[in-house]
Structures are given as C-alpha cells and as structure tokens.
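Encoded as structure tokens, the structure appears first; notes follow it.
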Amino acid sequence: MILRSVIMVVVVVVVGILSSASQALRFELQSGHTKCISEDIKSNSMTVGKYHVVNPNEAYPLPDSLKFAVRVTSPQGNSLHTAEKVETGQFAFTAAEDGDYMACFWAEDHSPQIIMTVDFDWRSGVQAKDWSNVAKKGQVDVVELELKKLYDTVTSIHEEMFYLREREEEMQALNQATTSKMFWLSFLSLFLCLSVAGIQFWHLKTFFEKKKLI
Amino acid sequence: MERKWRKISGLIGLLLLNFMNNVSSLSLTITKVECVYEIVRSEGDIVSGNFVVVDHHIFWSSDHPGIDFSITSPGGDILHNLKGTSGDKFSFKAPRSGLYQFCFHNPLSTPETIALYIHIGHIPNEHNLAKNEHVDPINVKIAELREALEAVTTEQKYLKARDAVHRRTNESTKKRVIGYTVGEYILLTIASVLQVVYIRRLFSKSVGYNRI
C-alpha cells in the first residue's frame with residue numbers, strides 16, 4: 001500500500017545473487033519516493049544489513065529532516081524488520097526459506113524536495129560471517145582464516161556452477177518442448193485447415209442440393 | 001621484537017584486507033537516469049563488473065536505441081561510455097580513490113530493468129605502505145588468489161544474468177507460439193463459419209427474387 005502510493009518513479013532495486021553476496025553501495029533517496037532492494041537469499045544462511053544516511057556536511061550534525069523509514073520483508077510478505085524516522089540502523093536474521101527478501105526505504109514528503117544519500121551494506125552467506133572475531137584468537141590463525149575464506153568462496157563458486165548447469169538443462173528441455181509443440185501444431189493446423197474446408201464444402205453442397213440449385 | 005612487529009602488522013594488514021574488498025550486485029529499473037555510487041578506497045584498485053538488460057524484449061523491435069551507460073571518476077572524468085547496449089562487461093584501474101558513479105540513461109520512457117554487478121579489488125603491494133611497515137609476500141599472494149576467484153565470481157554473475165534473460169525470451173516465445181497458433185485456429189474457424197452463413201443468406205433470399 002505505501003509502496004503503491006509513491007509518486008512517479010518507484011525504483012525497484014533487485015539483487016539477484018544466490019549464496020554469498022555483499023553489498024555496500026550508496027543510492028539517492030528523494031523525499032516522497034521509495035527505493036527497494038531485494039536479495040535472493042538461500043535458506044539457513046545468515047544475513048546482516050546496516051544502513052545510514054550520509055551526512056552532506058561533515059562539520060555539522062545531521063539535520064532532523066534527513067530521516068527515512070525502512071521495512072524488510074520475507075518472500076512470504078512477513079515483515080522481518082521495521083523502523084520509522086531513523087537515520088541509521090541495522091538488522092540481522094537467518095533466512096527461513098529461499099527467495100527474494102526485500103528491504104524498502106522511503107522518505108516522507110518535504111516541502112523543498114530533499115535528496116538524501118543512503119549508504120546500505122547488506123551481506124549474506126559467506127560475507128555475513130564475522131571473521132574478525134575468529135581472527136582475534138591468535139596471530140597464527142590469520143593466514144588460516146584467509147585460506148578458510150578462500151575455501152568458502154571456492155565452494156560458493158562450485159555451487160553456482162551447479163546452479164548454472166541446472167538452468168542450462170532446464171532451458172534445453174524448454175526449447176525441446178517448444179520445438180516438438182511447434183512440430184505437432186503445424187500438423188494440427190494443416191489438418192484443421194483441410195477439415196474446415198471439407199466441412200464448408202460438404203455443408204454448402206447439401207444446402208444447395210436441398211435448395212434444388214444443383 | 002622486530003618479528004613480533006612484523007606479525008602484528010601482518011595481522012593488521014590481513015584484517016584490513018577483510019574490509020578492502022567490495023562487491024555490489026543489484027538490478028535496477030530505470031525510467032530516465034539512475035546512478036549507483038561506490039567508494040574506491042585506494043588508488044590502483046581494479047574495478048570490474050558487468051551489467052545486462054533483463055527486459056530483453058525491448059530489443060525485438062529493432063528501433064529501440066538501447067541503454068546508455070557511463071562511469072564517472074571522482075574528478076568528473078568519464079572513464080567509460082557506452083551508448084545503446086544490451087549488456088556489457090567493464091574493468092578498469094582506478095586512477096584515484098573516491099566516489100565513483102555508475103550511471104544508466106534510458107532514452108525512452110518505458111522502465112527497463114538492468115542487473116548490475118560491481119567488484120572493487122585491492123591487492124596490497126610494497127609501494128603503498130610507510131617505510132616501517134612491510135607486507136608479507138604471503139598476504140600479497142593470498143590477495144591475488146582472492147582477486148582471481150572474484151574474477152570467476154564476476155563472470156558467473158554475468159552468465160547467470162544472461163541465462164535469466166535467455167530463459168525469459170524462450171518462455172515468452174513458447175507462450176506466444178501457442179497463443180498465436182490457437183488464436184489462428186479460432187479465427188480460421190470463425191471466418192469459415194461466417195463465410196458459410198453469408199453464402200446461405202445470399203442464396204436463401206435471391207432465389208426468391210430470381211423466380212419472378
């Protein structure tokens with residue numbers, strides 16, 4: 001509802017990533033408008049998101065008008081995190097199911113139109129793991145930690161390759177089905193054409209014979 | 001003592017490496033102009049990425065001009081400028097640190113969806129550090145390895161986006177083929193029924209007239 005009542009442009013930012021994803025980007029939010037970011041998260045993976053408004057004047061404190069509202073929803077539509085009139089915040093959850101999780105930001109109307117820059121960092125999967133805590137245990141573990149991260153990255157690459165392979169198989173099956181459908185449909189259309197012509201001919205013949213014109 | 005310093009600086013260096021890598025993957029719907037900003041932390045970082053126009057059906061009518069894409073450095077120079085594309089890869093070495101702008105421009109007013117992926121990779125090397133610090137070669141090698149893996153991930157994102165576009169095209173083709181064929185049958189049947197009805201009417205009245 002709130003999304004639908006947005007003026008003019010509703011920019012939907014959809015993140016399409018499977019397993020490990022990280023996002024630290026800035027986008028501009030106009031007052032009265034909504035921007036949504038959604039991410040494809042696998043079930044049972046950790047997700048952490050942090051957002052804050054970028055202060056346009058470093059020297060001065062943040063003015064009150066630079067506040068926005070946030071809502072994070074699951075693919076089912078359940079609201080996982082909401083915040084109103086905030087300038088910074090964070091959320092974390094473990095994804096219960098596969099699908100598109102959406103985080104929407106909207107800024108209220110303001111009489112001179114304000115454009116605020118929002119910095120949003122959304123990490124899930126491999127990048128959501130808090131590696132710095134693990135690293136603090138000892139210096140020797142640091143290289144091992146880095147190599148562990150690399151291993152996790154390689155595993156996620158491997159899984160993504162499986163996904164791409166599956167998709168390619170599905171695509172091939174789809175094309176095969178389309179081709180065979182077209183094949184049978186062309187025969188069907190030939191048959192239909194001939195039968196319609198035949199019925200027309202037979203019908204008109206009996207009609208004219210009844211009318212004693214033939 | 002020196003060894004301990006080296007180990008600590010190595011630890012700090014590696015911890016810094018944790019935050020040095022930046023990936024951002026998203027797809028935007030652009031009506032006119034949409035810009036995404038990314039911060040490049042140090043000069044010499046390699047920024048690589050790709051984007052694919054997901055609503056590929058706009059290109060079936062050949063007079064669609066395509067989407068324009070440009071990358072602007074913090075100094076205001078345009079590093080990359082592509083006009084009328086349906087997707088492309090890009091990679092450049094950042095000439096300076098700061099905020100880089102990735103902008104899309106849609107010449108027509110219908111909203112188009114674009115899947116974008118940006119990766120900013122940093123490899124520590126000797127030149128950037130102060131005299132007392134020393135980069136362990138193993139850190140450099142690990143960073144290079146990580147960058148190589150990220151390059152594979154970038155390619156995978158591109159393939160995934162293109163596969164999604166391809167799939168949409170194929171599914172739409174299938175639906176349209178079946179839809180148009182069935183529609184054709186129905187139209188054919190209706191046309192022939194109308195023909196017969198018209199001929200019947202033609203002959204049922206004029207027989208009477210001819211008999212005067």
A:THR34 long-range amide H proximity, modeled H, under 5 Å: A:VAL11
Average beta carbon contacts from partner chains per residue of B:98-105, 10 Å cutoff: 1
Debye intensity ratio I(q)/I(0), log10, the stretch A:24-136, q values 0.12, 0.13 Å⁻¹ (C-alpha model): -0.46, -0.53
Part-to-part distance (alpha-carbon centres) for the stretch B:158-193 and the stretch A:151-170, which is given in Å: 30
Averaged over B:75-86, number of beta-carbon atoms from partner chains that fall within 10 Å: 0
Sequence-distant residues sharing a close amide H with A:ASP98 (under 5 Å, placed H): A:SER43
Rg(Cα)/(2.2 N^0.38 Å) for the stretch B:28-110, N = residue count: 1.17
The stretch A:183-197 - phi-based ³J(HN,Hα) in whole Hz, Karplus 6.51/-1.76/1.60, Gly and Pro as x: 4, 5, 5, 5, 5, 4, 5, 4, 4, 4, 4, 5, 5, 5, 4
Lysine-lysine proximity count for the stretch A:135-214, Cα under 29 Å, sequence distance 8 or more or distinct chains: 4
Order by protection proxy (mean Cβ within 10 Å, highest first), peptides A:72-81, B:92-101: B:92-101, A:72-81
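Any read-out appearing in this document is the output of simple, stated calculations on the displayed coordinates, not a laboratory observation. Computed from a predicted model, the values in this text were never measured in an experiment. Glycine gets a Cβ as well: all are built from the backbone with ideal geometry, and neighbour counts include every protein chain shown.
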